[in-house]
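K.L.:
Once you've had a glance at the structure underneath, I'll fire off some questions.
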Amino acid sequence: MASRKERGELNTLAFDMGEQVNDQPGETAGKTRGSSRVEEDDRNKPVYSVTDVPPWYLCIILAFQHYLTAFGGIIAVPLILSEGLCLQHDSLTQSRLINSMFFVCGLSTVMQVTFGIRLPILQGSTFALVTPTMAMLSTPEWKCPAWTQNASIVNTSSPLYIEEWQTRLRALQGSIMVASLLQILLGFSGLIGFLMRFIGPLTIAPTVSLIGLSLYDAAGTKAGSHWGIAAMTTVLIILFSQYLRLIPVPLPAYSKIKGLHTSKFLIFQIMPILLGVAVSWLICYLLTISDVLPSDPAQYGHLGRTDVMGNAVTDASWFTLPYPGQWGTPTVSLAGVIGITAGIICSIAESVGDYHACARLSGAPPPPKHAISRGIGVEGLGSLLAGSFGTGNGTTSFSENVAALGITKVGSRTVILLSGVFMIFLGMLGKFGAIFTTIPTPVIGGMFLVMFGVITAAGIANLQSTDMNSSRNIFVFGFSMFSAIAIPNWIGKNPDFIDTGVKEVDQVLHVLLTTHMFIGGFFGCLLDNTAPGTKRERGLLTWDKMDPEDSNTLETEEVYDLPFGITSFLSSRSWARYIPFCPWKGNTSQHKSEDSNMLQSQGNEGIHSERSELALV
């Protein structure tokens, strides 16, 4: 164990060209196919697995790195919602939303790592709730008055203006809290296993893709405030993330063996978004102090200045403590509850996939049903907290940080736990959140162009396990995507078409029919589960199968046990087996036999389906 930790100190963050272990020339000629497979598996194994604890200084560095990885996604959601909440000219309230989001994400991460799935998986804001939220805020009842769009008219301290945005935020947070109860129920009741039977790649692909596609208007509007600055930001992020990502940069480092020395870090691979935004932000600051950008709000390019938000940083307090109900007593909107529920179901499906990916990358066995149920239930509690704190959003597992595990080869849950503590602490620094409100609008637009494009592609990537040579699959995916774009577009142009005579029903239908991901997911799920097709064709065999040769498992299922001796206490209680989210001593053997039976039946079905297809040919 000691040698593995020493390798981690040298290789986890650093990419020191002189310290890499390469194959010896004399050995390469005599390698067999089997030995090369073993060496490849060794390279894929995590340096620190789930239960390992790296040295304290390495924990701090890695935890901060995970925070930086999640940085772009966490601050993006409050900035998107600010326009729908009539807050685009109130930088101080925007900063409080950002602080609240970091604080709640930190709490959710600590809960998830300690009592939830117990994997090194970070919790952050979810884009799955942004689309239904914006659909809710675009209804005639909640649309912002024209006077709130004019910065010269808006008085952010007036009671009238404060009531305008607080009314919307209270309705939104109440709807999120009610909708999160469904996620809690599905998780802790064990119903998530039943629900996932009907959700496959052809449901997830259009749903996730449409999260990114539906935000094209927000990205275009912000980027259009100055296309030059937006293009610069986008080019920098692309340059750092794609072209320079494998170029090591020499930076100071420390290890017990070599002491203080210089090592080469893949800094562009670790934080391309942060670097791209920071460089563009700095250039905008230089253009502002030199008065290259116009100071007149009516002129094009004014929003590229860094002083548009005035004295946001100086006005913000040094210390702030977010608390539930900080905007008043939450209210509930029926249309909002139903729309956000659709987003939460999408978030659940995505999180289950993240759990399996995280387990594989961190050296843990595939998560058992009780751990998945507990993880989804804790995510529901996180969304309940996010709603009660008035963040305007929920929480979910961050796929970006799961991918970071594969890059760093560090799967220690202690590192993620420390990341959660960092977010809680930074969420209490008022000036910290205020700093991000000074990011120029076109810089945010350039960041959105990249982020939303990646989200769209990540959704389409779910199709890799399906047979896309099948006309059935092409029809299901194509119809789901096109309908989800065409229907909301038409409803948006004809908002008076929906008129049932009941105001509440009209609001519900308007939110659902203008939520792209709901329509795409609905048609995808309906057609995929009703149109004839084999499991292999639908991608379900690959979706469900766990290949033991591809999993670098270093631990047993004990990594999913509850802490503080809770599992030991429950193991001696026979009634614990009837609680879906509780581990008990008979769980391991039961799940292994169930999984083996499932894989055997799936394999037989795949063989039978192939024989049937050959017979037809």
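K.L.:
For residues that are modelled with pLDDT of 90 or more and surrounded by fewer than 19 Cβ atoms within 10 Å (Cβ to Cβ), scanning just the stretch 222-231, find the one that is farthest from residue 294 (Cα to Cα).
P.N.:
231
K.L.:
A further question follows. Of everything in the stretch 57-90, what is among the aliphatic types (A, V, I, L, M) and closer than 13 Å to residue 125 by Cα? Give them in sequence order. Spell out how you get there, then give the answer.
P.N.:
Going through the stretch 57-90, the residues among the aliphatic types (A, V, I, L, M) turn out to be 58, 60-63, 68, 70, 74-77, 79-81, 85, 87.
Answer for the stretch 57-90, where residues must be among the aliphatic types (A, V, I, L, M) and closer than 13 Å to residue 125 by Cα: 70, 74, 75, 76, 77, 79, 80, 81.
K.L.:
Using the structure shown, decide if residue 179 is of a type in the set (A, V, I, L, M, F, W, C), touching a residue at least 40 places away in the same chain (Cβ under 8 Å) and in a loop (DSSP other than H, G, I, E, B). Even if it seems obvious, please write down each step before you answer.
P.N.:
Values: of a type in the set (A, V, I, L, M, F, W, C): yes; touching a residue at least 40 places away in the same chain (Cβ under 8 Å): yes; in a loop (DSSP other than H, G, I, E, B): no.
Taking the combined requirement at face value, the residue does not satisfy it.
K.L.:
Also, quick follow-up: Hey, can you tell me all the residues within the stretch 198-214 that are open to solvent by 10 Å² or more (accessible area, probe 1.4 Å) and more than 17 Å from residue 466 (Cβ to Cβ)?
P.N.:
Result: 213, 214.
K.L.:
Restrict the check to the stretch 116-127 and report whether at least one residue is open to solvent by less than 10 Å² (accessible area, probe 1.4 Å), part of a helix (DSSP H, G or I) and in contact (Cβ under 8 Å) with a residue 60 or more places away in the chain.
P.N.:
So far as the stretch 116-127 goes, no, none of its residues is open to solvent by less than 10 Å² (accessible area, probe 1.4 Å), part of a helix (DSSP H, G or I) and in contact (Cβ under 8 Å) with a residue 60 or more places away in the chain.
K.L.:
Would you please name the residue that is least open to solvent (accessible area, probe 1.4 Å), looking only at residues in the stretch 128-172 that are of a type in the set (Asp, Glu) and touching a residue at least 24 places away in the same chain (Cβ under 8 Å)? Give the steps one after another, and end with the answer.
P.N.:
Step one: of the stretch 128-172, the residues of a type in the set (Asp, Glu) are 141, 163-164.
After this cut, where a residue has to be touching a residue at least 24 places away in the same chain (Cβ under 8 Å) as well, the list is 141, 164.
Details: 141: 88, 164: 42 Å².
Among residues in the stretch 128-172 that are of a type in the set (Asp, Glu) and touching a residue at least 24 places away in the same chain (Cβ under 8 Å), the one least open to solvent (accessible area, probe 1.4 Å) is 164.
K.L.:
Which members of the stretch 297-332 meet the condition of being farther than 30 Å from residue 119 by Cβ and touching a Gly at 6+ places or on another chain (Cβ under 7 Å)? Explain how you work it out, then say what you get.
P.N.:
Taking the stretch 297-332 as the starting set, the residues that turn out to be farther than 30 Å from residue 119 by Cβ are 297-320, 325-332.
316, 317, 318, 319, 320, 326, 327, 330, 331, 332, listed by residue number.
K.L.:
Another question about this same structure. When you scan the stretch 155-164, do you find a residue that is acidic (Asp, Glu) and in a helix (DSSP H, G or I), even just one? Steps first, answer last, please.
P.N.:
Just the residues of the stretch 155-164 that are acidic (Asp, Glu), to begin with: 163-164.
Now narrow it down to the ones that are in a helix (DSSP H, G or I): 163-164.
The answer is yes, given that some residue of the stretch 155-164 is acidic (Asp, Glu) and in a helix (DSSP H, G or I).
K.L.:
Open to solvent by 90 Å² or more (accessible area, probe 1.4 Å), among the aromatic types (Phe, Trp, Tyr) and touching a Pro at 6+ places or on another chain (Cβ under 9 Å), is that true of residue 323? Talk me through it step by step, then tell me what you get.
P.N.:
Working: open to solvent by 90 Å² or more (accessible area, probe 1.4 Å): yes; among the aromatic types (Phe, Trp, Tyr): yes; touching a Pro at 6+ places or on another chain (Cβ under 9 Å): no.
Against the criterion (open to solvent by 90 Å² or more (accessible area, probe 1.4 Å), among the aromatic types (Phe, Trp, Tyr) and touching a Pro at 6+ places or on another chain (Cβ under 9 Å)), residue 323 does not qualify.
K.L.:
Could I ask something else about it? Collect the residues in the stretch 178-202 that are in contact with a Phe, Trp or Tyr (Cβ under 9 Å, 6 or more places away or on another chain) and polar (S, T, N, Q), keeping them in residue-number order.
P.N.:
Hit for the stretch 178-202 is 189, nothing else.
K.L.:
Now, a different point. Hey, does the stretch 558-574 have a residue that's modelled with pLDDT under 50 and within 30 Å of the chain's Cα centre (by Cα)? Step through it out loud before you land on a result.
P.N.:
Going residue by residue through the stretch 558-574, those that are modelled with pLDDT under 50 are none.
Within the stretch 558-574 (the criterion being modelled with pLDDT under 50 and within 30 Å of the chain's Cα centre (by Cα)), the answer is no, since none of the residues qualifies.
K.L.:
Filter the stretch 511-524 down to the residues that are more than 15 Å from residue 341 (Cα to Cα) and either surrounded by fewer than 18 Cβ atoms within 10 Å (Cβ to Cβ) or more than 22 Å from the chain's Cα centre (by Cα) (or both) and list them by number.
P.N.:
The answer is 523, and nothing else.
The values are calculated or read from the model by the stated rules, or taken from the named source; none is laboratory data. Because the structure is a prediction, the values reported are computed rather than measured. Ideal geometry is used to build each Cβ from the backbone, glycine not excepted, and the neighbour counts take in all protein chains shown. We work out accessible area using only protein heavy atoms, side chains counted, and drop any ligands, DNA or RNA first. Shrake-Rupley method; radii C 1.70, N 1.55, O 1.52, S 1.80 Å.
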